[in-house]
Amino acid sequence: MNGRAVFAIFSLSLSLIACSGNKQNVAQNPQPTASLANETGLPLPENATIIDARAVHETIDPSQSSGSALAEAGKGTYNGHEVVASADASQQDLETWLASVPVPEGMKKTDPGAKIMAHRYGIDYIAFVSPNGKGATVVVMDPKIVTGKLGAIVSMLDKYNSLPEPMRQAMDSQIKQRTGFSIAELTDKSAPVGAAINAVKEFRNSDKRAIILVSGEKAQ
């Protein structure tokens, strides 16, 4: 398959998904689940409700995950926790809260990059690292903005691994040009944009904003 054919198929697929995005069924407002706990060591804003919590076990390669605070802590396998919470606060109020989050003990604030681009899609974040292989990220986002601007991309990502290699390469190139992010960054759950995209499906048809906490430590 030549390059023009790959590009044409990819463009057609993206157009079809974009057109069908408004027709798909969406979930109702995210509902909290009993007994969920915040084990990240990171704060949540007042009146936020935890709707999901999970353990994190992820192998990080800084050459593929440049947007991740864990990547800044070095290549390796990380264990930790992730929490997704919802809030009625406005995105502006959450960004004000985000600026007040204290630096965790033994860590320092870092900028894994691409913050201006992330803000364009309704995402803001702060990140922290420590010299002993720990990393943490606090993300706030407006799911409606993320879905409105990246909904078609999210649908394409779901199909990425099932595509033949030439189409994956074409898709990666096109998404990078459109968004400024590689597929590796968009699918890295430890990175701010990847964490937001991973959580956005829980907020379809919801008027709430989202807070995502991710913390991890390199396995010894």
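Only the coordinates and a few stated rules stand behind these numbers; no lab work does. All values reported here derive from a predicted model rather than from experimental measurement. All Cβ positions, glycine included, derive from the backbone under ideal geometry; neighbour counts span all protein chains shown.
Per 0.36 nm of contour for each residue apart, how much would the distance between ARG120 and ASN47 grow if the chain were fully extended, relative to their Cα-Cα spacing? Please report the intermediate quantities before stating the final value.
Numbers: separation 73, 0.36 × 73 = 26.28 nm, distance 2.62 nm.
Taking 0.36 nm per residue and subtracting the Cα distance, the gain is 23.7 nm.
Taking 0.36 nm per residue of separation and subtracting the Cα-Cα distance, full extension of the segment from ASP61 to GLU39 would add 5.5 nm.
Projecting label points 7 angstrom from Cα along Cα→Cβ for GLU105 and LYS159 puts them 5.1 nm apart.
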